[in-house]
Amino acid sequence: MIALMKALKNITAEQKFMLSVIIVNGGNYLYNLLLGRILGPQQFADAALLITFLLVLSFIAMTFQLSTAKFSVLFENSIFKNFINIIYKYATLTGIVFGILIVAFSNQLQTLFNTQTSLMFILFGIGVPLYFIMSVNRGFFQGSKKFEKLAITYQGEMISRLLITLLLIYTINLQSSILVSLGIALSFMFGLIPFHAKDINPIKKYTLPSAENKYILRFFTLTAFYELSQIIINNSDILLVKHYFETYDAGLYASLALIGRVVYFVAWMFVMLLLPKVVQLQKEGVSTAPILFKYVFYITLLSSSIVIGCYFFPELVINIMFGKQYISIAPLLWKYAIATSLFAISNIFAYYFLSLDQYIPVIISSLLGILQVVLIILFHNSLLQVVIMQIVAMTILLVFQLLFFVGYQKISSKNLTKG
């Protein structure tokens, strides 16, 4: 016991955050697994659509979080105070706009995705502004390396969503999709704890110097463009399957996607640590490649293990996680794991270059995201075809990212030699 207490004292803030991310991802996984088991494939299809909408929302809001994280490292004193107030203002306005759009088009969304009710979208839309405010708050904690507080915001959101949703399902006799949507919206309030309120004044008008304004706008636009590609790559398959296939098949595919994406969810932990480190090292004039190699190695090792496990024990994995009613999807599990593994490794490279203000990898990711959508639209005779199209697109993406990295390193070496 004494040895354990000493070991816990020696854990760094970053290691605590990594442990927290594992717990949060585990909790989110448990949330999805319980919904899959409780609701069954048909009702889970609507719940999975809401979860996909949540992921789409998280990618959009991530533009604000990453921008806040980066400039929390670079800006100081009055410039930072002005920046944080300005980004809170625009994040809130963006959240309100998206929330209104979701509520206004709830009936059209119901028709497009074959859901049982439009109320699920209305409840979700009402909570959207809170999510954008929450993302700026998290960006501050991320950039200032207050990882313990950052961990608490993620834990609060995850735990509250899990408990509230289960409580609603077991106590209120309404359609499950409505209850799931309500649980998601309410969890955003808990994700705001703790909230960094110092120097925040929503009434006062703030401005930034022209040079800083241009830098922020360039990075923000670049990040938004990349997050759009993330939305397309990471969520288009579920949305297209929900549109093209029967509800039962869409529910099966949602369970497949959830299991296969465990690699991506864990990889996100390294992305959260990568960006502020790369920005800081670049600021100090230190080589950033070693930190990239370390995280790529971790993700490659993890993804290889998951693909092997899914190849040899697909039915066991499906049965443990979702139950026998989902077992027919087992043959596709290892193939989907390959697609998400390729994407997770490519993602590490993309965020690395995003930290260095490199535009080409972002453009490449966006083009490959569009290619994935086009391939699925053209080839969707079966769920197997949908998965194969993703493997093709993600293989091309990773090859491009590797080639760009090699070229970038050669150019950087030449510049250092000339210097």
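The values are calculated or read from the model by the stated rules, or taken from the named source; none is laboratory data. Since we're looking at a predicted model, the values are computed, not measured. Glycine gets a Cβ as well: all are built from the backbone with ideal geometry, and neighbour counts include every protein chain shown.
Just checking, does the range 38-45 include any residue being farther than 25 Å from Leu240 by Cβ and in a helix (DSSP H, G or I)? Walk me through it before giving the result.
Residues of the range 38-45 farther than 25 Å from Leu240 by Cβ: 38.
From what's left, in a helix (DSSP H, G or I): 38.
Within the range 38-45 (the criterion being farther than 25 Å from Leu240 by Cβ and in a helix (DSSP H, G or I)), the answer is yes, since at least one residue qualifies.
Yes/no per residue for (1) surrounded by fewer than 15 Cβ atoms within 10 Å (Cβ to Cβ); (2) within 22 Å of the chain's Cα centre (by Cα); (3) in the same structural domain as Thr340 (by TED's automatic domain parsing); (4) within 30 Å of Asn85 (Cβ to Cβ):
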{"residue": "Asn213", "(1), (2), (3), (4)": "yes, no, no, yes"}
{"residue": "Leu222", "(1), (2), (3), (4)": "no, yes, yes, yes"}
{"residue": "Leu228", "(1), (2), (3), (4)": "no, yes, yes, yes"}
{"residue": "Ile232", "(1), (2), (3), (4)": "no, yes, yes, no"}
{"residue": "Ser236", "(1), (2), (3), (4)": "no, yes, yes, no"}
{"residue": "Leu239", "(1), (2), (3), (4)": "no, yes, yes, no"}
{"residue": "Lys242", "(1), (2), (3), (4)": "no, yes, yes, no"}
{"residue": "Thr247", "(1), (2), (3), (4)": "no, no, yes, no"}
{"residue": "Ala250", "(1), (2), (3), (4)": "no, yes, yes, no"}
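Identify all residues within the range 26-53 that are touching a residue at least 60 places away in the same chain (Cβ under 8 Å) and surrounded by fewer than 19 Cβ atoms within 10 Å (Cβ to Cβ); write none if there are none.
Gly27, Tyr29, Leu30, Leu33, Leu34, Arg37, Ile38, Gly40, Gln42
In the range 55-146, which helices (runs of 4 or more DSSP H) lie fully inside it and hold 3 or more residues that are aliphatic (A, V, I, L, M), in the same structural domain as Ile193 (by TED's automatic domain parsing) and in contact (Cβ under 8 Å) with a residue 60 or more places away in the chain?
Numbers: elements: 77-104, 106-112, 119-143.
Where helices (runs of 4 or more DSSP H) fall fully within the range 55-146 and carry at least 3 residues being aliphatic (A, V, I, L, M), in the same structural domain as Ile193 (by TED's automatic domain parsing) and in contact (Cβ under 8 Å) with a residue 60 or more places away in the chain, they are 77-104, 119-143.
Pairs please, first residue from the range 332-361 and without any contact (Cβ under 8 Å) to a residue 12 or more places away in the chain, second anywhere and among the aromatic types (Phe, Trp, Tyr), Cβ atoms under 9 Å, 6+ apart in sequence or on different chains.
Between residues of the range 332-361 that are without any contact (Cβ under 8 Å) to a residue 12 or more places away in the chain and residues that are among the aromatic types (Phe, Trp, Tyr), there is no close pair.
Among residues belonging to the range 366-408 that are polar (S, T, N, Q) and modelled with pLDDT of 80 or more, point out the one that is farthest from Tyr244 (Cα to Cα).
First pass over the range 366-408, keeping only residues polar (S, T, N, Q): 366, 372, 381-382, 385, 390, 395, 401.
Checking the rest, the ones that are also modelled with pLDDT of 80 or more come to 372, 381-382, 385, 390, 395, 401.
Working: Gln372: 15, Asn381: 9, Ser382: 10, Gln385: 13, Gln390: 16, Thr395: 24, Gln401: 31 Å.
My answer is Gln401.
Can you say whether Ile203 is outside any helix (DSSP H, G or I), out of contact with any Pro (no Cβ under 7 Å at 6 or more places or on another chain) and at pLDDT 85 or above, as far as the supplied structure shows?
Numbers: outside any helix (DSSP H, G or I): yes; out of contact with any Pro (no Cβ under 7 Å at 6 or more places or on another chain): yes; at pLDDT 85 or above: no.
Here the answer is no, as Ile203 does not meet what is asked.
Out of all the residues in the range 370-382, which are out of contact with any Leu (no Cβ under 6 Å at 6 or more places or on another chain) and either among the β-branched types (Val, Ile, Thr) or surrounded by 23 or more Cβ atoms within 10 Å (Cβ to Cβ) (or both)? Don't jump to the end; show me each part of the working.
Going residue by residue through the range 370-382, those that are out of contact with any Leu (no Cβ under 6 Å at 6 or more places or on another chain) are 370-375, 377-382.
Residues satisfying the conditions are Ile370, Gln372, Val373, Val374, Ile377.
Yes or no: the range 184-198 includes at least one residue that is at pLDDT below 85 and hydrophobic (A, V, I, L, M, F, W, C). Outline the logic, then answer.
Filtering the range 184-198 down to residues at pLDDT below 85 leaves 196-198.
With hydrophobic (A, V, I, L, M, F, W, C) added as a condition, the list becomes 197.
There is at least one residue in the range 184-198 that is at pLDDT below 85 and hydrophobic (A, V, I, L, M, F, W, C).
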